[in-house]
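Notes follow once the structure below has been shown.
The values are calculated or read from the model by the stated rules, or taken from the named source; none is laboratory data. Quick caveat: nothing in here was measured; it's all calculated off a predicted structure. Ideal geometry is used to build each Cβ from the backbone, glycine not excepted, and the neighbour counts take in all protein chains shown. Side chains are part of the model used for accessible areas, which takes the heavy atoms of the whole protein and leaves out ligands, DNA and RNA. Shrake-Rupley method; radii C 1.70, N 1.55, O 1.52, S 1.80 Å.
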Amino acid sequence: MADINVDILVIGAGPTGLGAAKRLDHINGPSWLIVDANEKAGGLASTDVTPEGFLYDVGGHVIFSHYKYFDDCINEALPKDDDWYTHQRISYVRYKGLWVPYPFQNNISMLPKEDQVKCIDGLIDAALEVRVANTKPKDFDEWIVRMCGEGVADIFMRPYNYKVWAVPTTKMQCQWLGERVAAPDVKLVTRNVILNKTAGNWGPNATFRFPARDGTGGIWIAVSDTLPEEKKRYGEKGVVTKVDAENKTVTLKDGTTIGYGKLVNTMAVDALVEKMGNKELITLSKGLYYSSTHVIGVGIRGERPERIGDKCWLYFPEDNCPFYRATIFSNYSPYNQPQADVKLPTLYLADGSKTESAEVKEGPYWSIMLEVSQSTMKPVDEENLLKDCIQGLINTEMIKPEDEIVSTYHRKFDHGYPTPALEREGVLKQLLPKLQDMDIYSRGRFGSWRYEVGNQDHSFMLGVEAVDNIVTGAVELTLNYPDFVNSRHNNERRLAQSFNFAGASSSSAAPAPAANGAKEIPTRDRAASKASVNGSHSRKPSKQVK
């Protein structure tokens, strides 16, 4: 017998695991437990704080949502108006010393004339080709050329996507795209070139929210705080060392064994099968590819420069800097860096030279967060990466050589991006069902390895929907129909809905089978809020953007 027995065990307290736990707590049916190796919740959506008081997220996260249930849960966790800041996205691509408004392919009117001609030629060729094409693009590279033409492909799409994914675009499939990449309107682009106009914002995160305090990680700590303490095991006592799928037992680092009926796993699926010791699944998982992400943070003394202004995140396709994206993290919240009266020494100037004075001085301060990808196809000089990134900031005129650096941050995340490689679907269509046949639901950014549903809202709902499938047999829309959930507001679930399980208690087994062998479906009372169970709501549907 195991030391602890639950109907459903959740591994990982990132957005996906917390989505599962939140749903289990909400429906108050099966018994459950959530475990995580970290002391704090958040996973790949957590936030670090430097000794000087600068905050950095694990990559560039912002809050925009396709799901009312997700909105309900984070609003319950952070309910006050002053818990949040709302921003308009101000995003640009850096190219040949210019700031080209995002998306690049809609704003070639900003480019030098010779590049405008090259891009327009390619766009016209692509538009003519699409009219007669009777096959789907075989890979991401072919999709880019078919949508944007060779000019935009060579100038921006190929070099930028290589910097992001750390693999050539020819090695990536294109089913993941959905509406994450803006397809250019040839007439609009041509008109803007002639009239010297730029196109406006595009995508649902044209407006986004960011927590006032504690960074993105603060959201997930707050969501975790809404869960019962006795059902959480975080830190050393939550480290999983072995998964015995046959006996449905998980062993923790401290020797504790947990027996489960169903397992919701959110750790990377390649790590899961290693802990299972299943040679067939280990071999299968070798066909999944990923890139590592380096997050670099630079804290700078002084007022934020006018040339930076209210920019949010910025893209860098050229090779004059190692990073593909920069986030002006101090623009998201005044609490993402030390207050102006905090006194800090200058570590060194941006050009690497030491200051003559070791004087500790006040601020104000501002900060930049950078992301660099790495893979076997795109190696990185890790030892010199921080120095190379600071030089890249000078090269792109983000900072000046004489700027005072007061804080630096560098952390590598081995699993950064789940690559939508050509082999991915063939692997997942075998791997995930084989695990589910063992009562293991592997979900999340790396648990189910689908980048197109890897944002925070998607990840959270992957956990929610896994629980719904376990308890009621409901279809997992986010996992199985990414394009569907990304093209609409998903209002069917609300936190205000109540669930009445006949004779069920928090320590009971999952709902008893009905007479025909199917699980009893819990009754749903209509939510008291204005949004009804059938999903009617006044907001217009959004589209998905990277």
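For a quick check: with amide H placed at 1.01 Å from N, whose amide H comes under 5 Å from Thr408's, ignoring anything fewer than 5 positions away on the same chain?
Amide H neighbours of Thr408, under 5 Å, 5+ apart: Gly299.
Between region 361-414 and region 238-302, how far is it from one alpha carbon centroid to the other, in angstrom?
So the two Cα centres are separated by 30 Å.
Would you mind checking Lys232/Lys311; Lys138/Lys279; Lys22/Lys80; Lys96/Lys361; Lys242/Lys429 for any pair whose Cα atoms are more than 28 angstrom apart?
The pairs that break the limit, which is 28 Å between Cα atoms, are Lys232/Lys311; Lys138/Lys279; Lys96/Lys361.
For region 288-345, report the convex hull volume of the alpha-carbon atoms normalised per residue, in Å³, without decimals.
146 Å³
Sort 293-306, 11-24 by packing, meaning the average of other beta carbons within 10 Å per residue, with the highest value first.
11-24, 293-306
How high is the FRET efficiency from Asp81 to Lys40, r the C-beta distance, R0 30 Å, rounded to 0.05?
About 0.75, to the nearest 0.05.
Roughly how many Å² is the accessible area per residue of the chain, as a whole number, for a 1.4 Å probe?
42 Å²
So, counting K/R as plus one and D/E as minus one, what does the shell of residues with Cβ under 12 Å around Arg213 add up to?
Neighbourhood net charge equals -2.
Once both labels are modelled 7 Å past Cα along the beta-carbon direction, what's the Arg488-Thr207 spacing in nm?
2.3 nm
Under 18 Å from a label point 7 Å along Cα→Cβ of Lys429: give me every residue in region 116-145 with its amide N that close.
Correct set: 136-140.
If a paramagnetic tag sat 7 Å from the Cα of His410 along the Cα-Cβ line, which residues of region 294-331 would have the backbone N under 19 Å from that point?
294-300, 320-327
Give me the three principal axis extents of the chain from the C-alpha atoms, as integers in angstrom, largest value leading.
Extents along the principal axes, in whole Å: 73, 68, 51.
Within straight cross-link reach of Lys378, meaning Cα distance under 16 Å, which lysines are found once same-chain residues fewer than 8 apart are removed?
Within reach: Lys163, Lys171, Lys412.
Need the full-extension length gain, Asn28 to Tyr481, defined as separation in residues times 0.36 nm minus the C-alpha distance. One decimal, nm.
Full-extension gain reported as 160.3 nm.
Counting only other residues whose beta carbon sits under 14 Å from that of Lys113, what net charge do I get with K and R as +1, D and E as -1?
With Lys, Arg at +1 and Asp, Glu at -1, the net is -1.
Measuring from a point 7 Å past the Cα of Glu142 along Cα-to-C-beta, which residues in region 395-422 have an amide N at less than 20 Å?
420-422
Would you calculate the separation in nanometres between label points at Gln436 and Met1, each defined as 7 Å from the Cα along the Cα-to-beta-carbon direction?
The two pseudo-label positions are separated by 3.4 nm.
Would you tally the net charge around Leu227, using a Cβ to Cβ cut-off of less than 9 Å, leaving Leu227 out, and scoring K and R as +1, D and E as -1?
0
Return the carbon/sulfur percentage of the accessible area of the chain, one whole number, probe 1.4 Å, all protein chains in place.
Heavy-atom surface of the chain belonging to carbon and sulfur, 1.4 Å probe: 50 percent.
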